[in-house]
Structures are given as C-alpha cells and as structure tokens.
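Here is the structure we will look at, set down as structure tokens.
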Amino acid sequence: MPNVADNTTVPAVEARDIAAGKGSDPAFSALSFRIEPGSFTALVGPNGAGKTTLFESILGLIAPHSGELRVLGDKPCRMRRQTAYVPQAAGIAHDDALIGREFVCAACNAHRLGVALPRARRRAREAVNAALDTVGARDLAERRLSTLSGGQRQRLLIAQALVEQPRLILLDEPLSQLDPAARDWIVTVARRLTERGIAVIFSTHDINPVLGACDRVLYLAQGRGRIGSVDEIICERTLSELYATPMRVIRDSGRRFVFEGGQSRALAEAG
C-alpha cells in the first residue's frame, strides 16, 4: 500500500470555533483543534459528549451550526473519498458465507471500477492484498466471516476501508467488546497506518489501551473540548475544567483512572 505522507502538508482536520449537533442544541461548542497528517489522535469522552457528532461533521453528514471545519483543506463533503469511516465490527450486518477476501473486496466497487475488466480486477486484487497485509490479516483472506472473532472482523473492516487509499481514517469505538489481546492488535494496526502518512482519529471510552500509541488526545465533555498530549489532557486540572467539577486522576501500573473528586477520595480511603 503506497505511503500517503507526501500527498499534502495541510492539516487532516482543522476546526475553528465550531458548534455542532443534531437539532437546535449543539453537542459541543467553541471547539477548535488541528489534526496533522500521519498522526494518531484519541477521541475520548463519555456517552453523549459529541464523539459521534464530530465524526458525522468530519464526514460531511451534518454541517456545523457555526464556526469553520476543514477536512484535508476543503469542505468535509468534498473529501469523503479520502476519508474512511470504520464502525464497530459488532454492529455490522454481513453474510457469514463470505470469506475475508470477498468482504474486503466489496469496497473495490464502491466508486470507480464499474465493469470488471481484467485490468480493473487485477488492480482490485492488488489493492485487497495490500490492505490485508497492512492490517496483518492475509491469513484471514480465505476464512468465512462466521469463523472469525470480533478482533479479526475489526481488522477486516479496517482493511476494507484502506482499499480506497484514504488520507484520513475514523475508527469508531474499534475496541468495543474485544479481549485485551485483540485490543492491542487493533491499536498496533492503527499506529501502523500513521507510519504510512494516514491520519487516524480513534474514538474510545477508555484511554488506557492507546496511552502508548496516541500522539494527542481530543477530550469532549459537558459541551466543551480540549486537545493536547496525554499528560496535558488526562490530568486533574484539565478534566476539572472540562467537567466543571473537581476530578481526580489516579495512576496505577501504567494505567489512568478518572473519577469525580468525592468518589476518588472514598475509593482511596477504602483501598
């Protein structure tokens, strides 16, 4: 799969004071951030904080109420072919009779191939093989989807997204319902994509699996957002500002746990 690092020097995503949401009430407002090509950004926040709304805005499915949002230097709706969205494997309906290669190849006909001429078929086969290799799933190519674990299906979903050679990829809770080994594999795959110049925005409820992989954290809460390094964002000062209430961050064995101030004191005393 070709490296896309030299395709552009413009930000993968740039938001300037945006507010967005469904209906009249925005999920967040006054949100500004910049995501560079080839970077790994963890998108973190509680349910209802606006993570899905932000993804929909980046995909051009909804327009911000105010502010300016640019994707790869243009309006989001104009960059959909260079922006890939990967849902949770658990939420995807599929034909269990399909084998991995057929599932990934389904993306080849999405926009451009039309009549399956020999040259087009060859390009499709090469693109599918490259995508499978990138996510470490060549061994899944001939296996039926019904025999695969959640983590293996998630890798095939990422491979399917890579067939179109995107410059930006949105991973929507890809670690949901996966065991620790599968979670580590998906994080490794995401980091590998950034090495090819692809910008990755990785939505997750739990920051811990991506602590050692992400470059920056974009944290949404209470209608607000902050972006920065892990240490800048997953700290008591920043989270207390976001939640407008005292927050505690406890570090233990390389992991971070966030609690409201009163609850964390009670837990510390109980421990």
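Quote the convex hull volume per residue of the chain, based on C-alpha atoms, as a whole number of Å³.
139
When the chain is treated as a GNM, springs tying every alpha-carbon pair under 10 Å, which of Asp172, Asp231, Asp206 comes out with the largest mean-square fluctuation?
Greatest mean-square fluctuation among the candidates belongs to Asp231.
Would you tell me the accessible area of His205, worked out with a 1.4 angstrom probe on the heavy atoms of the protein chains, in Å² to the nearest 10?
100
Order Tyr243, Tyr85, Tyr219 by their accessible area, 1.4 angstrom probe, all chains in place, largest first.
Result of the area sort, largest leading: Tyr85, Tyr243, Tyr219.
What ranking do 147-160, 177-190, 34-47 get when scored by the average of other Cβ atoms within 10 Å per residue, highest first?
Per-residue Cβ counts within 10 Å, averaged per peptide and sorted highest first, yield 147-160, 34-47, 177-190.
What's the magnitude of the charge dipole for the chain around its Cα centre, counting Lys and Arg as +1 and Asp and Glu as -1 at the beta-carbon? Answer in Debye, nearest 20.
820
Using only the alpha-carbon atoms of the range 115-228, report the extent along each of the three principal axes, biggest first, to the nearest angstrom.
Dimensions of the range 115-228 along the principal axes of its Cα atoms: 53, 29, 24 Å.
Rounded to the nearest Å, what's the spacing between the alpha carbon centres of the range 212-253 and the range 60-82? Just the number, please.
Rounded to whole Å, the Cα centres lie 26 Å apart.
Grab the Cα-Cα distance for Asp231 and Asp139, subtract it from 0.36 nm times how many residues apart they are, and report the gain in nm with one decimal.
Fully extending the segment from Asp231 to Asp139 adds 29.3 nm.
Sort Leu171, Leu59 by accessible area with a 1.4 Å probe, largest first.
Sorted descending by solvent-accessible area, the residues read Leu59, Leu171.
The values are calculated or read from the model by the stated rules, or taken from the named source; none is laboratory data. Remember, it's a predicted structure, so these values are computed and weren't measured experimentally. Positions of Cβ are generated from backbone atoms using ideal geometry, with glycine treated the same way; all protein chains shown enter the neighbour counts. Ligands, DNA and RNA are stripped out before the accessible areas are found, and what is left, the full protein with its side chains, is counted by its heavy atoms. Shrake-Rupley method; radii C 1.70, N 1.55, O 1.52, S 1.80 Å.
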